[in-house]
1. Criterion first (assigned to a loop (DSSP other than H, G, I, E, B), polar (S, T, N, Q), at pLDDT 95 or above and surrounded by 14 or more Cβ atoms within 10 Å (Cβ to Cβ)) does S6 satisfy it?
2. May I ask you to say which residue of T96, T107 is surrounded by fewer than 16 Cβ atoms within 10 Å (Cβ to Cβ) and farther than 20 Å from L121 by Cβ?
3. Under the condition of being β-branched (V, I, T) and in contact with a Phe, Trp or Tyr (Cβ under 7 Å, 6 or more places away or on another chain), which residue from segment 130-148 is farthest from H62 (Cα to Cα)?
4. For segment 36-119, which fully contained strands (runs of 3 or more DSSP E) count at least 3 residues that are under 25 Å from R17 (Cα atoms) and touching a Phe, Trp or Tyr at 6+ places or on another chain (Cβ under 8 Å)?
Amino acid sequence: MKISSSAFRPGGAIPSRYTCDGDDVSAPLAWSGVPREAKSLVLVVDDPDAPDPEAPQMTWIHWVLYNLPPDCGGLPEAVDELPAGAREGVNDWRRTGYGGPCPPIGTHRYFHRLYALDAVLPDLHGPTRAELDAAMRGHVIAEAELVGTYRKAD
């Protein structure tokens, strides 16, 4: 399974449009190679370098989506309508939806993690990443990741 974006290359800089310095909208994402037996997909975007990449203390969750249809093939830029059946979890701003990179110091890495599951999860009513991880346990059949970097404008 593979995940990519037409907005940035793997390991490359995420354009400011998709961050707090820009429009703070989601970058376009595309995926392929989803296993035939997949019943749903999960997408999590996180930053393991928070607050300072020289001394990380936590992983900051930027976006949590689950029950994406396995045949949807990706999400458009600035997605405002999720595919049928998809649900959102809560990010670390304590809200649903996308929250773009906004590192307080240094260059941070942003992991876009895609999981293929052998099940459709029940409605978890705005789960946190930890709650979603617990619900996914034992159901992940494939994973892919795309990493981008961002350093806030000075």
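1. no
2. Of T96, T107, the one residue that is surrounded by fewer than 16 Cβ atoms within 10 Å (Cβ to Cβ) and farther than 20 Å from L121 by Cβ is T107.
3. Across segment 130-148, the extreme among qualifying residues is V140.
4. Working: elements: 40-50, 58-68, 107-117.
By residue number, 40-50, 107-117.
Per-residue answers, yes or no, for (1) under 27 Å from D123 (Cβ atoms); (2) of a type in the set (V, I, T); (3) without any contact (Cβ under 8 Å) to a residue 24 or more places away in the chain:
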residue: D21; (1), (2), (3): no, no, no
residue: S32; (1), (2), (3): no, no, no
residue: P35; (1), (2), (3): yes, no, no
residue: V45; (1), (2), (3): yes, yes, no
residue: P48; (1), (2), (3): no, no, no
residue: D52; (1), (2), (3): no, no, no
residue: Y66; (1), (2), (3): yes, no, no
residue: P70; (1), (2), (3): yes, no, no
residue: D92; (1), (2), (3): yes, no, no
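The values are calculated or read from the model by the stated rules, or taken from the named source; none is laboratory data. All figures in this text were calculated on a predicted structure; none of them were measured in a lab. Cβ sites come from the backbone with ideal geometry, for glycine too, and all protein chains shown count toward neighbours.
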